[in-house]
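Laboratory data are not the source of any read-out in this text; all were calculated from the coordinates shown. Here the structure is a predicted model, which means the values were calculated and not measured. With ideal geometry, Cβ positions are generated from the backbone for all residues, glycine too; neighbour counts draw on all protein chains shown.
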Amino acid sequence: MHFVPMDPELIKKAIEVFEDELGPARRRLDAFYRQFVCPHCEGECSKETEPNHVFSPDELVQRSVLRCQQCGLLFDPHSGLILERAGHVTLPYDD
Ligand SMILES: [Zn+2]
């Protein structure tokens, strides 16, 4: 079977009649993620995709989790759940 890609201009014309709901949703989530710093060392974080945390009935676009660029801590900013600690990180314990 031979695959013929569609003309990008035709694709653009076909979807331009629809309201862009994904762009504003994506920008809103990006603004939400920019508020966060690492809960352990307050380092800057970058987005990652974690399959178990991607989907939500409340969002039109995929969610991300955040990884600290300094210590490697991975957490879900939506729930506050820490998903992965870096090997050299020791977190304080609540006794
Ligand atoms: Zn950190």
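Given 68, 24, 2, which one lies farthest toward the positive end of the charge dipole of the chain, if we put +1 on the Cβ of every Lys and Arg and -1 on the Cβ of every Asp and Glu?
Final value for the positive-end residue is 2.
Starting from the Cα gyration tensor of the chain, take the square roots of the eigenvalues, sort them a ≥ b ≥ c, and report rounded, prolate or oblate (rounded when a/c is under 1.5, otherwise prolate if a/b is larger than b/c, else oblate).
Note, shape of the chain comes out prolate.
If Lys and Arg each add +1 and Asp and Glu each add -1, what is the summed charge of the other residues whose beta carbon sits under 15 Å from the beta carbon of residue 14?
Numbers: positive: 12, 13; negative: 7, 9, 16, 19, 20.
Local charge sum for residue 14: -3.
Residue 37 to residue 2: extension gain in nm, 0.36 nm per residue of separation minus the Cα-Cα distance?
Details: separation 35, 0.36 × 35 = 12.60 nm, distance 4.80 nm.
Fully extending the segment from residue 37 to residue 2 adds 7.8 nm.
Please report the net charge: other residues with Cβ closer than 12 Å to the Cβ of residue 67, K and R +1, D and E -1.
-3
Within 10 Å, count the other beta carbons around each residue, average over each peptide in 67-75, 52-60, and list them highest first.
Top to bottom by mean Cβ count within 10 Å: 67-75, 52-60.
Using helices alone, what [θ] at 222 nm do you get for the chain, with -39,500 (n - 2.57) per DSSP H run of 4 or more residues, divided over all residues and rounded to the nearest 500?
-6500 deg cm²/dmol
So what's the net charge close to residue 53: Lys and Arg +1, Asp and Glu -1, counting the other residues with Cβ under 10 Å from its Cβ?
Details: positive: 63; negative: 48, 50, 76.
Net local charge, residue 53 excluded: -2.
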